[in-house]
Structures are given as C-alpha cells and as structure tokens.
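Beneath this line is the structure, given in structure tokens, with notes to follow.
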Amino acid sequence: MAAEQQNRIEITVRGRVQGVGFRYFVLQQARDLGLTGWTRNQSDGAVLTVAEGPRAALEELASRLRLGPPMSRVSECSAQFYSASGEFRGFEIRR
C-alpha cells in the first residue's frame, strides 16, 4: 500500500495567543496528530505554525488551533495548504 500523501499547512492564529501557553498547546496537538514542523510567536502578536503530514491530520490541527487552550482567545485563524517539503524530523517550538 502506498504511503499517504503528505501536505504542508501554514496556520496564522491571532487574538490573545501569546503568554497563554498557546505554542505548547500547538506542540502537544501536533505531536498527538503525528505531524512534523514548528510553531513560533510573531512580532505582531500572532502565532505562526508550519506543519507537514496527511491532509486530514493537518485539517484537524487547524480545527484544534481555532479553539486554542483554555486561557487563549482566538479571533482569527487562517490556513494555507502547500506541497510538503519533507524537511522536518519532529515538531518544535521556535523562538
């Protein structure tokens, strides 16, 4: 059986998403879904996440990020799909 098609998603989340454990929430969710990539705070107050894996898992990640952890308040969540690069080995928080 062929390996499942890998995709890449870039998700930008805005709202009260810095200083509330959002990146650690992203890390936990991405690892739970078996995705690779990274997440980091942006200077404009947003959180950017780049992840690769099966499309269904990436869509699930985007759904979970729209909800966020308990102390966050997401006002906007935008996602773009791309072709996977295969460059990531795991999932990490970047600073």
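Rounded, prolate or oblate: which one fits the chain, using the alpha carbon gyration tensor with axes a ≥ b ≥ c (rounded when a/c is under 1.5, else prolate when a/b beats b/c, else oblate)?
Note, shape of the chain comes out prolate.
Evaluate the relative contact order of the chain (contact order divided by residue number), counting alpha-carbon pairs under 8 angstrom at least 6 apart; express in whole percent.
44
Mind pulling the angle between the C-alpha long axis of helix 22-32 and the longest principal axis of the chain? Nearest 10 degrees, somewhere in 0 to 90.
20
So how tilted is helix 55-67 from the main axis of the chain? Cα-based, degrees 0 to 90, rounded to 10.
Helix 55-67 and the main axis of the chain meet at about 10 degrees.
Only the coordinates and a few stated rules stand behind these numbers; no lab work does. All values derive from a computational prediction rather than experimental measurement.
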